[in-house]
Amino acid sequence: MPPRLKERYHKEVLPKLAESLGRTNRFSLPRLEKIVVSMGVGSAITDKKHLEDAVSALAEITGQKPMVCKARKSVAAFKLRQGNAVGCKVTLRGDRMFEFLDRLISLALPRVRDFRGLKSNAFDKHGNYSLGLNEQLVFPELNPDKYSRVQGMNIALCCSTDSDDEARELLRGFGMPFRTEESSANP
């Protein structure tokens with residue numbers, strides 16, 4: 001059974017995008033290519049268990065085995081040596097990507113404390129959107145008893161378009177809860 005967000009993309013989002021952008025070729029419309037979820041674990045230099053916890057949490061959240069990232073340079077101020085494991089990341093594509101995005105939008109973001117919406121200007125001028133979460137426990141898959149240490153994560157949504165406005169329109173179609181102009185003006 002295909003993910004419900006993928007079906008929604010083909011049935012609702014694509015026709016609306018084609019109408020608003022004035023294009024008839026569906027291959028020229030923006031689409032979500034991949035989602036990269038990463039965790040930087042700076043404390044892994046002193047305690048390797050922190051990295052193991054981050055890897056297992058990321059595997060539970062995404063349903064895919066994370067890749068361990070190593071330091072490229074040595075930095076004496078951080079007691080970091082080249083080749084030390086300092087983080088982990090997962091690249092999601094296809095059905096897993098749509099399932100993760102669905103859980104992020106419908107389950108995780110509403111559980112964030114004091115959530116008022118995502119910034120609508122966090123694009124990188126190439127149509128990619130990035131957001132950060134302060135703690136991984138907003139995902140209901142994780143058992144709070146097992147993961148007592150709070151760990152944040154970065155999520156990058158990579159789109160096929162180079163226009164930030166087209167990518168914003170695509171993510172709005174998926175249901176991303178962006179802040180509105182009125183609510184961002186009044187903090």
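A few points about this structure:
- This structure gives semi-axes √(5λ) of the Cα gyration tensor in Å, computed directly, and of (i) 32, 18, 17; (ii) 30, 22, 15; (iii) 24, 18, 16 that value is listed as (i).
- Pairwise Lys count, the chain - Cα closer than 16 Å, eight or more residues apart or different chains: 11
- Most mobile of PHE174, PHE115, PHE78 in a GNM of the chain (Cα contacts under 10 Å): PHE78
- Ranked from largest, the principal axis spans of the Cα set of the range 108-162 equal 42, 21, 15 Å.
We did not get these values from a lab; they are worked out from the coordinates using the rules stated. For clarity, every value in this text was computed on a predicted model and none was experimentally measured.
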